[in-house]
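The values are calculated or read from the model by the stated rules, or taken from the named source; none is laboratory data. Predicted model only: the values in this text are computed from it and were never measured. Please note: Cβ atoms are built from the backbone with ideal geometry, for glycine as well, and neighbour counts cover all protein chains shown.
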Amino acid sequence: MGGYGSGRKAWAQSPTESCYRRIDVRRLHRSGLLKPDATGRIIWSRPGRAEELYVLGLQAEGEGLWLWNEPALEKCSMYFVPLSRTPCFKGGARLWFHCPEITCNRRVAVLFGGDLFLCRHCRGLSYDSQRANAFDRQIIRMNRLRQQLDWPGGPLDLRGDKPKGMHWKTFNRLAGEYEQLDELVGEVYGYR
Ligand SMILES: [Zn+2]
């Protein structure tokens, strides 16, 4: 059992996201809510605004997560969010949601509710120009790092290994920066 988000965090995002609740796969993972058969609730509330209480129920099953709005009306109000993993360069794996909108299925770190929790794209969320510019700079920087690391492809491709002849210290610095940027970019846009 577990749950996070009983505070105001979910309501204090950037303006473009302020009217959406959000769930982050990394936070769910840290909370133990993605373990097999784990079940829990996430509660959003605002002090003094009890009537705006919102409760999301969740249960991990197989390679995914059932979600429903509480109080659960009927079983058929549940919907399934698939999970997948990609390898991290430091070992281990990173978890992703897949958008439950069947025609979308984008791999993302964050979903936004709504009656249903969907990816940013399906929610029609966009970033203001300042954030879009920051995003572009991150992509440019990631391409530059890939060149230095001799990794083929672009930011949507998998990370590579340490190039021959590169010091581990250099590799860890560059790959570490790349990983941080990848985390940010993946959270924002998600990718397949
Ligand atoms: Zn989607």
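Is segment 90-110 home to any residue that is part of a helix (DSSP H, G or I) and either modelled with pLDDT of 90 or more or among the aliphatic types (A, V, I, L, M) (or both)?
There is no residue in segment 90-110 that is part of a helix (DSSP H, G or I) and either modelled with pLDDT of 90 or more or among the aliphatic types (A, V, I, L, M) (or both).
Regarding Arg123, is this residue touching a residue at least 40 places away in the same chain (Cβ under 8 Å) and within 16 Å of the ligand (Cβ to nearest atom)?
Against the criterion (touching a residue at least 40 places away in the same chain (Cβ under 8 Å) and within 16 Å of the ligand (Cβ to nearest atom)), Arg123 qualifies.
Against the condition of a type in the set (Val, Ile, Thr), surrounded by fewer than 17 Cβ atoms within 10 Å (Cβ to Cβ) and either within 16 Å of the ligand (Cβ to nearest atom) or within 27 Å of Ala60 (Cα to Cα) (or both), how does Thr170 come out, does it pass?
Judged against the criteria, Thr170 is not a match.
Do we find that His121 is within 22 Å of Arg21 (Cα to Cα) and at pLDDT below 90 in this structure?
Yes: the conditions hold for His121.
Is there a residue in segment 43-59 that is more than 16 Å from the ligand (Cβ to nearest atom), part of a helix (DSSP H, G or I) and at pLDDT 85 or above?
no
I'd like to verify a number: residues in segment 24-71 that are within 18 Å of the chain's Cα centre (by Cα) and among the hydroxyl-bearing types (Ser, Thr, Tyr), how many?
The number of residues fulfilling the criteria is 1.
So which residues in segment 94-109 are within 11 Å of the ligand (Cβ to nearest atom) and either in contact (Cβ under 8 Å) with a residue 12 or more places away in the chain or closer than 15 Å to Val185 by Cα (or both), if there are any at all?
Phe97, His98, Cys99, Pro100, Glu101, Cys104, Asn105, Arg106, Arg107, Val108
Considering only segment 131-141, I want to know if a residue exists there that is closer than 30 Å to Asn69 by Cβ, within 16 Å of the ligand (Cβ to nearest atom), outside any loop (DSSP other than H, G, I, E, B) and of a type in the set (Lys, Arg).
No; the residues of segment 131-141 include none that is closer than 30 Å to Asn69 by Cβ, within 16 Å of the ligand (Cβ to nearest atom), outside any loop (DSSP other than H, G, I, E, B) and of a type in the set (Lys, Arg).
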